[in-house]
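The values are calculated or read from the model by the stated rules, or taken from the named source; none is laboratory data. The structure displayed is predicted, hence computed values, not measured ones. When we count neighbours, we look across all protein chains shown, and the Cβ atoms used for this are built from the backbone with ideal geometry, even at glycine.
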Amino acid sequence: MRLHSNRERPFHLGPLALERLRRTTTPAAATGGVPRDEHIPSEDAVLHVIPEYISLFSRYLAAAPAAAEAPVSPDPTIRANNLKAHAYFLDAALVGCCQIQPDDWTTDDNPAHRYACVFVVEFGREPQPGEPGDRWIRGCNVARTDMRCAELAVVLSGYVRAMGFEAQGHFCAATQLDLGRLAVRSGVARPGETGQLVAPYLRRGFRIGVISTNYVLQTDLPLAQDGSLEPDDPGVQQGVGGTLPASRYELDESRPVHLGRYPMETIKRVDEPTTLIIREEIQRIPKRGDFFTRAGAGDLGEAAKRERFRFAMKHPYALGMQPLIQNMVPLQGTRDKFPPVAAHQDERANAEAIKALGYFLGADFVGVCRAEPWMYYSHDHLDGHPIDAYHDYAVVMLIDQGFETMDGASGDDWISASQSMRAYMRGAEIAGVMAAHCRRLGYSARAHSNAHSEVIHNPAILMAGLAEVSRIGDTLLNPFIGPRSKSVVFTTDFPMEIDKPIDFGMQDFCSQCLKCARECPCNAITFGPKVMFNGYEIWKADVEKCTKYRVTQTKGSACGRCMKMCPWNREDTVQSRELMLRSVHSPASRAAIIRADDEEGNGTRNPVKRWWFDLEMVDGVAVKPKAGTNERDLNLGREQKLAAMQKLALFPPQLQPKGGTTVSQTVPVDRLAGMKLYTEAESPAAARERVGDREGVKPS
Ligand code: SF4
Ligand code: SF4
């Protein structure tokens, strides 16, 4: 949480006031050692499973560039700022650029790259001895942070190569460069008194990664040896202008790691979700029924079939993430039962340790629920084999897509898919490592990422108490980051205390607010009330319309405009937390909050935060998008007109491909039948009346 807004701070400057530090042309020392772990890891430490991820990532650090150069500005400052912004988007703490000198290479056989983009990733916070997760986490920061540096090195170098320039990623465990020298020369660190590198504003340790390239970049100057690394200026200390305040470390230390940075413990817990779930009426659906799978199988027509496997990777940045997203799938784990384990009997301690581990690895929210059979898909989509529920517990995590980039974007322009892919990639990495860790402890576990999942995430998010149902329908809403997240799940037999669902007033808020429906580019979000859908009470969006738009639209890559426009997609400042609390605790204030959101122009793009290049990959080369870019702000006053022309369809199990259908069989969407079913859908009130208070049903 920031004290001051950063909406006027260009994204490429990063979260810390690097620009306020004194520089020099003559650094006192050329290099220094990179910080190491301070603690000895235990036998149960997570670092034992991280090497397989680091090893996988290391395979994608280098490759040939695209056949032609992208039409990007030749201005080295614009290029450097753009690349720095890409690194900050992946959570680098500090980024700088420098030229590579011959002595920087540690081997004779090296690419003749002349420029380096150097990034620093800070260590995670470790629990104190005796706190939940301490045995798993302490002493693992080098492994955890090198894995993250490897991720950035792969993605950033892949991005530059996709733009047609040579580039190679480097991190401490895989490099031909002296990373310390480059960190000093690019001004992101300098040698401290002990000879070890110290980095401005960072009070924990850190690791370094580098992109070497022939893409010409404006260079930075080294930090002055006698200048402060944390200026004694109250404005900088408090984060005036939107940088991270120095007080963030004390705030962090005041909370155990397993609680995470957002106070979810202050949100009301309830025995059943705030929306009706009639478990006995839920029919499990096959993976083949997922609408992106249907698009790929041709059910939504030729255009959607053609674009299905391209739409999310149309921008060179998202394309840079593809190797990791796809190739982490084989590491996701097993469904097999393991022999019983005598240890780990304390379910509460286990859940707290798991949450601490998730937060340490970078998740924004972690919750636990039972992996109930109705959460699993019924059949696989490739060969049609049945899927039986196999684990007892689901660990559910949300990854924030980032407010700043949402602030600069329309929600369906050229950065949209990269926002989703970053969260999917990070989630797959975190859940994959955690599942591997559980297996090493002796418990069966399997991660479920966007690239391959055998569970439907939304019911798990709901039951684990991370979000409530919202008008967006298939996107749930969290009290602190709104709908701006992607989820990842891992299922396991590791025994844990489960969380309860939450109630923060969203059903009432979304009943009064129509903003996402008004702003959806294809009118897929209902202006009407909730309906019953396959046993769930939900504002059911038209998934055919939404999927078609996301897959085939030509003025951007994918779409998340509903997330962008929601009043709950807010900057995490003291002020916005107060507003959120007012909404939660004072239902009468909700109408005014909704009105004020439009009056204040929230949802209008913030040009200060538009940091990416508009590019489209066509035939393997990044080009200027032929159709242009979706330039959208607010559509005030269009609710009535859009509601009047809205025709929605819903596709319950009887309109889905049957279990056993594979992707080689096309099952055209029956839209007319779906539209008819929407008009006939049962209301939640009628469903409550019908089922009364039978077990498994939430009474009103
Ligand atoms: S088309 Fe875009 S705005 Fe509309 S529901 Fe789908 S993702 Fe949301
Ligand atoms: S935009 Fe409004 S109606 Fe839509 S999810 Fe957000 S709060 Fe609910």
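So the values come out like this:
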| item | result |
| --- | --- |
| Residues of segment 579-607 satisfying the condition of being among the hydroxyl-bearing types (Ser, Thr, Tyr), in a helix (DSSP H, G or I) and more than 17 Å from residue 478 (Cα to Cα) | 589 |
| Among (1) of a type in the set (D, E, K, R); (2) surrounded by 15 or more Cβ atoms within 10 Å (Cβ to Cβ); (3) in contact with a Phe, Trp or Tyr (Cβ under 9 Å, 6 or more places away or on another chain); (4) under 30 Å from residue 603 (Cα atoms), the one test that residue 647 misses | (2) |
| Residues of segment 205-218 that turn out to be part of a loop (DSSP other than H, G, I, E, B) and surrounded by 17 or more Cβ atoms within 10 Å (Cβ to Cβ), as a count | 3 |
| Evaluation of residue 571 against (1) outside any loop (DSSP other than H, G, I, E, B); (2) more than 13 Å from ligand 1 (Cβ to nearest atom); (3) within 21 Å of residue 401 (Cβ to Cβ) (one fails), failing number | (1) |
| Of all residues making up segment 517-545, the number that are under 22 Å from the mean Cα position of the chain (by Cα) and away from ligand 2 (no atom under 14 Å from the Cβ) | 1 |
| Residue count, segment 551-565 (criterion: buried (at least 21 other Cβ atoms within 10 Å of the Cβ) and either more than 12 Å from ligand 1 (Cβ to nearest atom) or of a type in the set (Ser, Thr, Tyr) (or both)) | 1 |
| Single condition residue 456 does not satisfy, out of (1) within 16 Å of ligand 2 (Cβ to nearest atom); (2) closer than 23 Å to residue 539 by Cβ | (1) |
| Qualifying residue in segment 139-160 (condition: in contact with a helix residue (DSSP H, G or I) (Cβ under 9 Å, 6 or more places away or on another chain), crowded, with 21+ Cβ neighbours inside 10 Å and at positive phi) | no |
| Output for segment 461-491, where each listed residue is more than 16 Å from residue 394 (Cβ to Cβ), within 14 Å of ligand 1 (Cβ to nearest atom) and aliphatic (A, V, I, L, M) | 472, 477 |
| Unmet criterion (only one of (1) surrounded by 15 or more Cβ atoms within 10 Å (Cβ to Cβ); (2) not in a loop (DSSP other than H, G, I, E, B)) for residue 250 | (1) |
| Residue 548 being more than 7 Å from ligand 1 (Cβ to nearest atom) and within 23 Å of residue 307 (Cα to Cα) | yes |
| Residue check for residue 576: part of a helix (DSSP H, G or I) and under 25 Å from residue 261 (Cβ atoms) | yes |
| First in segment 219-235 and within 18 Å of residue 96 (Cβ to Cβ), second anywhere and buried (at least 16 other Cβ atoms within 10 Å of the Cβ) and of a type in the set (Gly, Ala, Ser), Cβ under 6 Å, 6 or more apart | 220/96; 220/186; 220/187; 221/187; 222/187; 223/187 |
| Residue check for residue 403: of a type in the set (A, V, I, L, M, F, W, C) and buried (at least 24 other Cβ atoms within 10 Å of the Cβ) | no |
| Residue match in segment 466-486 (condition: in contact (Cβ under 8 Å) with a residue 40 or more places away in the chain, closer than 20 Å to residue 86 by Cα, within 16 Å of ligand 2 (Cβ to nearest atom) and aromatic (Phe, Trp, Tyr)) | no |
| Pick from segment 573-596, criterion crowded, with 16+ Cβ neighbours inside 10 Å and over 18 Å from residue 507 (Cα atoms), ranking: farthest from ligand 2 (Cβ to nearest atom) | 573 |
| Complete set of residues in segment 4-28 that are farther than 25 Å from residue 90 by Cβ and surrounded by 15 or more Cβ atoms within 10 Å (Cβ to Cβ) | 24, 27 |
| Selection status of residue 236, touching a helix residue (DSSP H, G or I) at 6+ places or on another chain (Cβ under 9 Å), modelled with pLDDT of 95 or more and either of a type outside the set (D, E, K, R) or assigned to a loop (DSSP other than H, G, I, E, B) (or both) | no |
| Test for residue 285: is it in contact with a helix residue (DSSP H, G or I) (Cβ under 6 Å, 6 or more places away or on another chain) and in a loop (DSSP other than H, G, I, E, B) | yes |
| Helices (runs of 4 or more DSSP H) contained entirely in segment 89-204, each with at least 2 residues that are in contact (Cβ under 8 Å) with a residue 40 or more places away in the chain and more than 22 Å from residue 50 (Cβ to Cβ) | 141-162, 179-185 |
| Among the residues listed as 446, 426, 370, 440, the single one being of a type in the set (Lys, Arg) and closer than 20 Å to residue 481 by Cα | 426 |
| Filtered residues of segment 524-544 (kept if over 30 Å from residue 393 (Cα atoms) and either more than 16 Å from ligand 1 (Cβ to nearest atom) or surrounded by fewer than 20 Cβ atoms within 10 Å (Cβ to Cβ) (or both)) | 527, 528, 529 |
| Residue in segment 54-64 that is farther than 20 Å from residue 243 by Cα, β-branched (Val, Ile, Thr), in contact with a helix residue (DSSP H, G or I) (Cβ under 7 Å, 6 or more places away or on another chain) and not in a loop (DSSP other than H, G, I, E, B) present | yes |
| Residue tally, condition acidic (Asp, Glu) and assigned to a loop (DSSP other than H, G, I, E, B), over segment 288-330 | 2 |
